[in-house]
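The values are calculated or read from the model by the stated rules, or taken from the named source; none is laboratory data. In this text the structure is predicted, and so the values were computed from the model without any measurement. As a convention, Cβ positions derive from the backbone with ideal geometry for all residues, glycine included, and neighbour counts pool all protein chains shown. Only protein heavy atoms, including side chains, enter the accessible area calculation; ligands, DNA and RNA are left aside. Shrake-Rupley method; radii C 1.70, N 1.55, O 1.52, S 1.80 Å.
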Amino acid sequence: MAAGKTGGLKRYYDLNGWLFVAPSLLLIAIFLVYPILRSLYLSFFSGKGMIMKFAGFGNVARLWNDPVFLQALTNTVTFFVVQVPIMITLALMLAAVLNNDKLKFIGFFRTAIFLPCVASLVAYSVLFKSMFSVDGVVNSALLAVGLVSTPIGWLTEPFWAKVLVILAITWRWTGYNMIFYLAALQNIDKSIYEAAKIDGVPAWARFVYITVPMLKPVILFTTIISTIGTIQLFDEVYNLTEGRGGPANATLTLSLYIYNLTFRFMPSFGYAATISYVIVIMVALLSFLQFYAARDRS
Amino acid sequence: MNAPRFFSTALQYVFLATAAFLSIFPFIWMVISSTNTSIDIISGRTGIGEAFATNVANFFTQVDVPLVFWNSTKVAVLATLLTIVVSSLAGYGFEMFRSKARDRIYALVLLTLMVPFAALMIPLFMMMAKSGLINTHIAIMLPTIASAFIIFYFRQSTKAFQTELRDAAKVDGLKEWQIFLYIYVPVMRSTYAAAFVIVFMTNWNNYLWPLIVLQSNETKTITLVVSSLASAYYPDYGVVMIGTILATLPTLLVFFVMQRQFVQGMLGSVK
């Protein structure tokens, strides 16, 4: 019977479909879905080590009375609020200049500016730590040029330690974002720029009124992924500050605090899981923002 | 060339040259510093020194280099291969065998992209501790294999795969897994290469999860070794520099050999 045969084919097709995706789904279920639900469950428990008791929303209440958590939250927010706009602007400017084929050595410049993306987060953090020591190469250069009169305490003063973290992330990720803009710019019709040039529109105005609006979707996308990345900041601060987030918790991020609560001291699994959900909520909000903005476009 | 145009061009060169210099400087610093003593490094010496041989010798006495390199290579290569096999199967499956149920599940898979690792690490650690997998390389690899990014990347790339090829193979009597293995994989090799580069880099540089799971010197990867050398109370930066060079060299090499695939993979996997 024809109908029976199609039914069999359909089943065969369906079975194959499931077989191809099964290994991934299984792994995702065990190593992603289960842990994220388990974290939520744990966040209702308090106690140290394996001795835990149900605490309801006790952990959430504890958050607002925990100065270290509030500091880590403030630091994390400060990092992305200050760093992401600086980096995105820099990346845009670099991409706009690098899109000019008439300049010489463009290939070299592109590769050079992209190179930091290849460095491992640990390796570059360690390099930055050595470069920014009190008598280090950066302070020597600043003193020699006369920009400062006394060496800056990059690793010892709370304000400058934050600046150092921001400088470091900007170094590592500007080229990464630039590549996205460069790829998008190459899809823009060059004649728009030619026309604007003939009309006497200056370069800065071409950048502000043509380049930036044309790249709006990519800018939004990279802003969101950079922000999500910065919310989860860990490797850099851990390796710049020997895992302490110092000086005086000035560079302590939420991820580092969770790590310390779980693996440095007597573990507070429940409370640490609650803090991890603060990150989940922040990331989820940003992702929905991205989703809605993307939907508006289409 | 008129004067404003000349200044504008000059300004662009100055901007690019400054950015390029700042981007490359830490790499140059790493190489120069590997020839200097720790004291010279933290006092900002920019000249080439004579301590290179001493630093290398000290690094080799403090670190079991072949073992650490073997650990890193084993974990990165195996995890990368597994990720690519599993994810390309899924990307192919989701695109070639479309159904309502699978499309819904795919949307859920994409949703896992926004799960931060911080919210996974505690349950994952407890899971590994219960299974007796703490301090093993399997524990490092398992959670990294299923990657929504790479599944997405393969699904997007599969859209360009010609279904005529598949139909012809079907007529020839090939089974679905044979079509995948003998037709899809060879046709998509540039997609595979790009995915390999990007996943290898991620695995080689992986830090937080190995930091939690690997607790003995016998299992540590190069990233962990560099980190622990540098977080000593008085780190020997000469030795640390040798470590950073060894940690960076493989990814630099992969980057220069496969720059095109690298950029393609980076743009593709997050688009």
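General observations
- Based on Cα contacts under 8 Å between residues 6+ apart, the stretch A:60-153 shows a relative contact order of 11 percent.
- Sparse packing (at most 15 other Cβ atoms within 10 Å of the Cβ) combined with a DSSP loop state is found for the following chymotrypsin sites (Phe, Trp or Tyr not before Pro) in the stretch B:191-271: B:Tyr233.
- Based on alpha carbons, the Rg and Dmax found for the stretch A:182-298 are 21.3, 69 Å.
- Rolled with a 1.4 Å probe across the full set of protein chains, the surface gives A:Arg110 an accessible area near 60 Å².
- Cα-Cα separations in the stretch A:82-126 greater than 15 Å, expressed as whole percent: 57 percent
- Cut-off 19 Å, label 7 Å out along Cα→Cβ of B:Phe60, residues of the stretch B:191-230 by amide N: B:222, B:226
- Kirkwood analysis of chain B, using all unique Cα-Cα pairs, places the hydrodynamic radius at 21.9 Å.
- Using a probe of 1.4 Å, the accessible surface attributed to B:Phe52 totals some 100 Å² when neighbouring protein chains are kept in position.
- Computed log₁₀ I(q)/I(0) - Debye formula, equal Cα scatterers, no solvent, the stretch A:2-42, q 0.28 Å⁻¹: -0.85
- Surface accessible to a 1.4 Å probe, per residue, for the residues of the stretch A:99-150, Å²: 41 Å²
- Here the spin labels are modelled as points 7 Å beyond Cα on the Cα-Cβ line, and at A:Val60 and B:Val185 they lie 5.0 nm apart.
- Sparse-neighbour loop sites [chymotrypsin sites (Phe, Trp or Tyr not before Pro); the stretch A:232-293; at most 11 other C-beta within 10 Å; DSSP]: A:Phe265
- Each principal axis of the Cα cloud of the stretch B:165-255 was taken in turn, and the coordinate range along them, longest first, works out to 69, 27, 17 Å.
- Once the Cα atoms are used to define both axes, helix B:148-158 deviates from the longest principal axis of chain B by about 60 degrees.
- Dividing the C-alpha radius of gyration of the stretch B:120-207 by 2.2 N^0.38 Å, with N its residue count, gives 1.48.
- Average partner coverage of B:91-103, which counts Cβ from other chains inside 10 Å: 4
- As a fraction of the 1.4 Å probe accessible area of the stretch A:34-125, surface on carbon and sulfur atoms comes out at 74 percent.
- Pairing chains A and B buries close to 7500 square angstrom of accessible surface in total, based on protein heavy atoms and a 1.4 angstrom probe.
- Among the protein heavy atoms of the stretch B:162-266, carbon and sulfur supply 62% of the accessible surface, probe 1.4 Å, non-protein parts ignored.
- Note: relative contact order over chain B, using C-alpha pairs below 8 Å and six or more positions apart, is 30 percent.
- Each residue of the stretch A:199-208 was assigned a 3J(HN,Hα) from its phi angle through the Karplus curve 6.51 cos²θ - 1.76 cosθ + 1.60 (θ = phi - 60°); the sequence is 6, x, 6, x, 4, 5, 6, 4, 5, 6 Hz, with glycine and proline shown as x.
- Remark: accessible surface ordering of B:Ile179, A:Ile30 (largest first) is A:Ile30, B:Ile179, probe radius 1.4 Å.
- In chain A, inverting the average of 1/r over every pair of distinct C-alpha atoms gives 22.9 Å as the Kirkwood radius.
- Helix screen, chain A: DSSP H segments with Cα axial length of 20 Å or more and mean Kyte-Doolittle hydropathy at least 0.0 are A:2-28, A:67-98, A:158-185, A:216-231, A:269-297.
- Over chain B, DSSP H runs of length four or greater, each weighted -39,500 (n - 2.57), average out per residue to a 222 nm ellipticity of -24000 deg cm²/dmol.
- Kirkwood analysis of the protein assembly as shown, using all unique Cα-Cα pairs, places the hydrodynamic radius at 25.8 Å.
- Amide hydrogen proximity for A:Phe45: with H placed 1.01 Å from N in the peptide plane, the residues at 5 or more positions away or on another chain lying under 5 Å are A:Ala55.
- Value of Rg/Rh across the stretch B:1-114 [Cα atoms, Kirkwood radius]: 1.26
- Average beta carbon contacts from partner chains per residue of B:248-260, 10 Å cutoff: 2
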